[in-house]
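Student: Sharing a structure with you now.
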Amino acid sequence: MKRNLSFSLLFSLLLFWSSWAQVARTAEQDSMLADRNRKTQADYEQMLQQLNIQSIRPGVNGSNPKAPNAANYDESKATIFPTIPAVLQLKNGRMVDSKRSWNYHRKPEVVEDFEREIYGRIPDNIPPISWKIISTENKTMAGFPVEVQKLIGTVDNKRFPSVSVQMEVTIGFRKDIKKAMPAMMELAWFFPPGMNRPPAPANEILWTEQVIAKGWAFIQLNPTSVQADHGAGLKSGIIGLMNRGEYRKADDWGSLRAWAWGASKVLDYLETLPQIKYTQVGITGHSRYGKAAAVAMAFDTRFAIGYICSSGAGGLKLYRRNYGELIENVAAKNEYHWMAGNFLKYAGPLQWNDLPIDAHELIALCAPRPMYIGVGGNGDSWADPYGMYVAGKEASSVYELLGKKGLVSDGAPLINEAKTQGNIAFRMHDKGHVTGPNWPNFLEFASRYLK
């Protein structure tokens, strides 16, 4: 009886301790979140003051069709500004009619507009990065022997020691292949401890297994190890390091440009590896990381191909469309840090049509390299599939000027119809906001370019 009483007491104490620990963890998490929200609010308000903006137009609600500000998913109401900037027209009004004119005159104009108004400028003299392999694992993937390396890239922080930037990267390559191989780099979703990645459908093969089966390597970069995904983090990460913990200027880079910069620095490292054919490295990302992958592809011509997934506003969706995600959503407190501060103007005193550029010109910066635009046909309307398709069509004139076909299509895309004849490809699969259903078709497309 005494023994049973002691056991019951011990069990009760354990339950009490477990409950108390859970409460303590929850309270700590709530406190950290509240602190992050306060810092984000302060940063957001400071940028609005810099820009002399009194208020930002509210975004739309993409999940509740009965909300007063419900997002529009009616194509007949989408086209508010039917005229988009002419990608092959110089600011002086002259038309671009040669490769030289594009490369030396029009393209620099487009780059300047994107850097000043949309994504921000990368600062000069970013310190060097030292790379270290922290673990190596031998495993079998797709039936082949694979070496998986985990690396940390540490940015020299002598300029501001209180900010540390350690880029987290995973590289996997076949051990049975003795020559340099093509590779795909993913801006990957890394979930925090205690939060598991949603499982892939039972009949879906992981993309890493698919590229290994083709004899290619895979690389995964954790973007948030380069720059945090919230406004409070703008005083830390690579942006905070370069600003010495101060607020950004209106044309300083946001997180999308920082994540893209991180991908370029990984590509620098890949040039030193005998296992990787660094001239044949592609870039991919999904949702917000699809936006960043598109930016990486546009600003770093070394990326050989892009698979840009469900990137929406701030990515490959035309800004001048009232469909799904809008400029106002990207300019809100939970997303503004992705962009340059100047971007907020177009959700405040200025309108969408005041933008000097649009998303088709981001695709044009990738020309003539192949780009695959992927999206879901069911449950992915927030990303505006048709708006990205039209952007691809509008960018095609630059591909054609440079001697390649753009997006070859005679009509609007249908579910599961692959438009892959040109160097701009488009496919809308029959699932939701996911990438997996398009991977086999993308790899078939990419095999024309990566050998």
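The values are calculated or read from the model by the stated rules, or taken from the named source; none is laboratory data. On a predicted model such as this, the values are computed, not experimentally measured, just so you know. No Cβ is skipped: glycine too gets one built from the backbone with ideal geometry, and neighbour counts run over all protein chains shown. For the accessible areas, the whole protein counts, side chains as well, though only heavy atoms, and no ligand, DNA or RNA atoms are used. Shrake-Rupley method; radii C 1.70, N 1.55, O 1.52, S 1.80 Å.
Student: Pull out the extension gain between ARG121 and LEU206, defined as 0.36 nm times the separation in residues minus the alpha carbon to alpha carbon distance; nm, one decimal.
Tutor: 27.1 nm
Student: Then there is this: What shape does segment 243-327 have by the C-alpha gyration tensor, where a ≥ b ≥ c are the square roots of the eigenvalues, rounded means a/c under 1.5, and otherwise prolate means a/b greater than b/c and oblate the rest?
Tutor: Oblate, since a/c reaches 1.5 and b/c is not below a/b.
Student: Using a cut-off of 26 Å between alpha-carbon atoms, which lysines can reach LYS139, once sequence neighbours fewer than 8 places away in the same chain are excluded?
Tutor: LYS150, LYS175, LYS178, LYS179, LYS214, LYS277, LYS451
Student: Sorted by average packing, counted as other Cβ atoms within 10 angstrom per residue and highest first, what order do 233-239, 125-131 take?
Tutor: Averaged packing, sorted descending, gives the order 233-239, 125-131.
Student: For the chain, give the magnitude of the charge dipole about the Cα centre (Cβ charges: +1 Lys/Arg, -1 Asp/Glu; no others), in debye to the nearest 20.
Tutor: Rounded to the nearest 20 debye, it is 840 debye.
Student: Based on the mean of other beta carbon atoms within 10 Å per residue, what is the order of 417-424, 69-76, most packed first? Don't jump to the answer; show the numbers that get you there.
Tutor: Values: 417-424: 20.6, 69-76: 13.0.
The densest-packed peptide leads the list: 417-424, 69-76.
Student: Name the residue from ILE56, PRO370, ALA67 whose Cα lies farthest towards the positive end of the charge dipole of the chain, charges +1 on Cβ of Lys and Arg and -1 on Cβ of Asp and Glu.
Tutor: Working it through, the farthest residue towards the positive pole turns out to be PRO370.
Student: Next question, about the same structure. Where the accessible area of the chain is counted over protein heavy atoms with a 1.4 Å probe, how much of it, in %, is carbon and sulfur?
Tutor: Carbon-and-sulfur percentage of accessible area, whole number: 53.
Student: With charges only on Cβ, +1 for K and R and -1 for D and E, what is the dipole size of segment 288-374 about its Cα centre, in debye, rounded to 20? All intermediate terms of the calculation are to be shown ahead of the outcome.
Tutor: Numbers: 9 positive and 7 negative charges, 29 e Å.
With only Lys, Arg, Asp and Glu charged at Cβ, the dipole is about 140 debye.
Student: Of the listed peptides 104-110, 373-379, what is their order by residue-averaged count of other C-beta atoms within 10 Å, with the highest listed first?
Tutor: Listed from highest to lowest mean packing, they are 373-379, 104-110.
Student: Sorted from largest down, give the three principal axis spans of the alpha carbons of segment 51-192, whole angstrom values.
Tutor: 55, 50, 42
Student: Using modelled backbone amide H atoms (1.01 Å from N, in-plane), which distant-in-sequence or interchain residues come within less than 5 Å of ILE276's amide H?
Tutor: Correct list: MET181.
Student: Then there is this: In Å², and per residue, what accessible area does segment 209-266 have when probed at 1.4 Å with the other protein chains present?
Tutor: 23 Å²
Student: Per DSSP H run of at least 4 residues, take -39500 (n - 2.57); add these up for the chain, divide by its residues and hand me the 222 nm value, nearest 500 deg cm²/dmol.
Tutor: Values: 10 runs with 132 residues, N = 451.
The helix contribution divided over the chain gives -9500 deg cm²/dmol.
Student: Can you spot the lysines whose alpha carbon is less than 25 Å from LYS99's alpha carbon? Ignore those fewer than 8 places along the same chain.
Tutor: LYS91, LYS107, LYS393, LYS404, LYS405
Student: Here is a follow-up. Using the scaling law 2.2 N^0.38 Å as the reference, what is the normalised Cα Rg of segment 143-272?
Tutor: Normalised by 2.2 N^0.38 Å, the Cα Rg of segment 143-272 equals 1.21.
Student: Express the Stokes-Einstein translational diffusion coefficient of segment 304-405 in µm² s⁻¹, to the nearest whole number, given a Kirkwood radius over alpha-carbon pairs, 20 °C and a viscosity of 1.002 mPa s.
Tutor: The estimated diffusion coefficient comes to 151 µm²/s.
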